[in-house]
Amino acid sequence: MSILGELSEEEVEFVKLVSDGNASAVRKQLDDKTVRVDCLDEHGMTPLMTAAYKGDVTICRILLKHGANVNTNYHAQGYTTIMFAALSGNLETTQLMLEAGARTTATNNVGRTATQMAAFVGQHQCVSLINNFFGKDDLEIYTVPRGHATEAMLPTELCDPLYKIILNSNLHPVKISYLLQENIAIMNNSTKVCKLMDLLCKKQMTARVETNEILAIKFHYISTVIKEAAKSLEIKQDNLEAWIKRMVRGRAEDGFCEDQERLIRSMLKDFPYSSSGLLQQCVRTIATVKVGDDPTALVTLGQCINGQRMARDEDLPCITCGDYGAPKKCSACKMVNYCNQGCQKNNWSSHKKMCKELYCMYLATKKRDEEEAAEAARKKEDEEKKKLEELSGGDVQAIEGAEASNGTLENGEEKGMNETSEARTETEDTSPIQLEDITTGIDDVTMES
């Protein structure tokens, strides 16, 4: 074990190389075995923590390859490597720490987990990634027979597509159904898959060391969607097309998708562990909301599993599948977003009933925005004009003040001169001037000169 702050000269240089992102030099020092991979600086930070905080995936891989401990806990404030990765906002680095076995439930000195810290600084994608993470090794063990069983619980060819669904953070039932469409073999083995999902849910809730209510509810939800989709597929035999249209079908009066709402409410009602704190949180929120009002059951479920998400204009979701950043809009109403033509086609039967009304809303919103922009521009122009007038008025006042001062001075001087003249007149000798007096005066001046 490294001693806090006791670094050799080579390790001081090594820590600096990690901080500077010099991957080749870091690899060379580790290969030469001149430094300890988990050496601690004066704050209890390891080189891996530093690289994770800087989001340097390359150096993180090098350090992990050389045996860096992803769960070291000697930091002065109790921070762990996964906390630094989450704070960096780098998804690849965070994923790497998770795959290396980082404990997501560890807390710092003030009782905050990595997801709580990431949420506090707005790194919501990292929050979602951590909350939805499930090690692939934990799924692969079910692809081989266990105990006295002669058959594996999960066919090997289903491991990758099912793992993709588990890691998917978009909980919209249509998105999950799209992933099932891509791998219809899951639906052909729906009974086995649902049985495994139910087992994984149970393991998450009954673990002796750390229970994971988030994954437990998610596994139960995936199982519910697959079961209901399988019922539709058994009847229609249409590659889930009818099931997807059912999930996007909206009410005539407002386009609200009641089937989605009832699916999620029913799923929560059937969750086998009613004492779950996360379940109670979901139920308390949904129970007071009438079907059709906000927040919907899907929004509530998403917030409980993925955490709160800050709304941004560039992250508008697809109205059909819920994927964020949908690049296309309905060309008619310009109010709803789609991922592609497929999503627009699946939603059209519901959207066409509301498209005209939404277009009217669009025009009203556009008019309001233009009026607000014009009003803001007018206010700005008035403020600038007022400032200019104040500046101009100040100059005029200064000039007038100067002129007034000059006028006063001139009047004062004139008055003073008049007074002096009057005084002189009063003191002058009015007697006749003698010629010799004048001559004497001139002579005196000449002499003085």
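The values are calculated or read from the model by the stated rules, or taken from the named source; none is laboratory data. Since the model is a prediction, treat every value here as computed from it, not as a measurement. Please note: Cβ atoms are built from the backbone with ideal geometry, for glycine as well, and neighbour counts cover all protein chains shown.
Go through Thr50, Thr34, Thr58 for me and flag whichever is of a type in the set (Ser, Thr, Tyr), closer than 22 Å to Asn109 by Cα, touching a helix residue (DSSP H, G or I) at 6+ places or on another chain (Cβ under 8 Å) and assigned by TED's automatic domain parsing to the domain that holds Cys126. Even if it seems obvious, please write down each step before you answer.
On the way: Thr34 fails: closer than 22 Å to Asn109 by Cα; Thr58 fails: closer than 22 Å to Asn109 by Cα.
Answer to the check: Thr50.
Mind checking whether some residue in the stretch 61-80 is closer than 13 Å to Ala114 by Cα, surrounded by 19 or more Cβ atoms within 10 Å (Cβ to Cβ), in the same structural domain as Ala118 (by TED's automatic domain parsing) and out of contact with any Lys or Arg (no Cβ under 8 Å at 6 or more places or on another chain)?
There is at least one residue in the stretch 61-80 that is closer than 13 Å to Ala114 by Cα, surrounded by 19 or more Cβ atoms within 10 Å (Cβ to Cβ), in the same structural domain as Ala118 (by TED's automatic domain parsing) and out of contact with any Lys or Arg (no Cβ under 8 Å at 6 or more places or on another chain).
Does at least one position in the stretch 83-98 carry a residue that is free of Cβ contacts under 8 Å to residues at least 12 places away in the same chain and either buried (at least 16 other Cβ atoms within 10 Å of the Cβ) or not in a loop (DSSP other than H, G, I, E, B) (or both)?
no
Examine the stretch 375-386 for a residue that is modelled with pLDDT of 85 or more, acidic (Asp, Glu) and closer than 30 Å to Cys257 by Cα, and state whether such a residue exists. Break it down stepwise before answering.
Of the residues in the stretch 375-386, the ones modelled with pLDDT of 85 or more are 375-386.
Still in the list and also acidic (Asp, Glu): 375, 381-384.
From the residues that got through so far, the ones that are closer than 30 Å to Cys257 by Cα too are none.
No: the stretch 375-386 contains no residue that is modelled with pLDDT of 85 or more, acidic (Asp, Glu) and closer than 30 Å to Cys257 by Cα.
Go through (1) farther than 30 Å from Ser331 by Cα; (2) among the β-branched types (Val, Ile, Thr); (3) at pLDDT 90 or above for Thr365 and report which single condition fails.
Checking Thr365 against (1) farther than 30 Å from Ser331 by Cα; (2) among the β-branched types (Val, Ile, Thr); (3) at pLDDT 90 or above, the one that fails is (1).
Grab the helices (runs of 4 or more DSSP H) fully contained in the stretch 1-65, keeping just those with 1 or more residues being farther than 24 Å from Gln77 by Cβ, touching a residue at least 12 places away in the same chain (Cβ under 8 Å) and among the hydrophobic types (A, V, I, L, M, F, W, C).
Ranges flagged: 9-20, 23-32, 57-65.
Quick one: which residue in Asp238, Asp254 is in contact (Cβ under 8 Å) with a residue 24 or more places away in the chain, acidic (Asp, Glu) and over 24 Å from Leu196 (Cα atoms)? Spell out how you get there, then give the answer.
Numbers: Asp238 fails: in contact (Cβ under 8 Å) with a residue 24 or more places away in the chain.
It is Asp254.
Suppose we filter the stretch 334-349 for residues that are in contact with a helix residue (DSSP H, G or I) (Cβ under 6 Å, 6 or more places away or on another chain) and either more than 17 Å from Phe256 (Cβ to Cβ) or part of a helix (DSSP H, G or I) (or both); how many remain?
We begin by selecting, within the stretch 334-349, every residue in contact with a helix residue (DSSP H, G or I) (Cβ under 6 Å, 6 or more places away or on another chain); these are 334-335, 338, 346-347.
From the residues that got through so far, the ones that are either more than 17 Å from Phe256 (Cβ to Cβ) or part of a helix (DSSP H, G or I) (or both) too are 334, 338, 346-347.
Within the stretch 334-349, residues that are in contact with a helix residue (DSSP H, G or I) (Cβ under 6 Å, 6 or more places away or on another chain) and either more than 17 Å from Phe256 (Cβ to Cβ) or part of a helix (DSSP H, G or I) (or both) number 4.
Exactly one condition in (1) touching a residue at least 12 places away in the same chain (Cβ under 8 Å); (2) within 32 Å of the chain's Cα centre (by Cα); (3) more than 17 Å from Asn347 (Cα to Cα) is false for Asp198; which is it?
With (1) touching a residue at least 12 places away in the same chain (Cβ under 8 Å); (2) within 32 Å of the chain's Cα centre (by Cα); (3) more than 17 Å from Asn347 (Cα to Cα) applied to Asp198, the lone miss is (2).
Among the residues of the stretch 103-114, is any surrounded by 19 or more Cβ atoms within 10 Å (Cβ to Cβ), without any contact (Cβ under 8 Å) to a residue 60 or more places away in the chain and assigned to a loop (DSSP other than H, G, I, E, B)?
yes
Inside the stretch 341-392, can you point out the residues that are within 23 Å of Arg251 (Cα to Cα) and polar (S, T, N, Q)?
Across the stretch 341-392, the qualifying residues are Gln341, Gln344, Asn346, Asn347, Ser349, Ser350.
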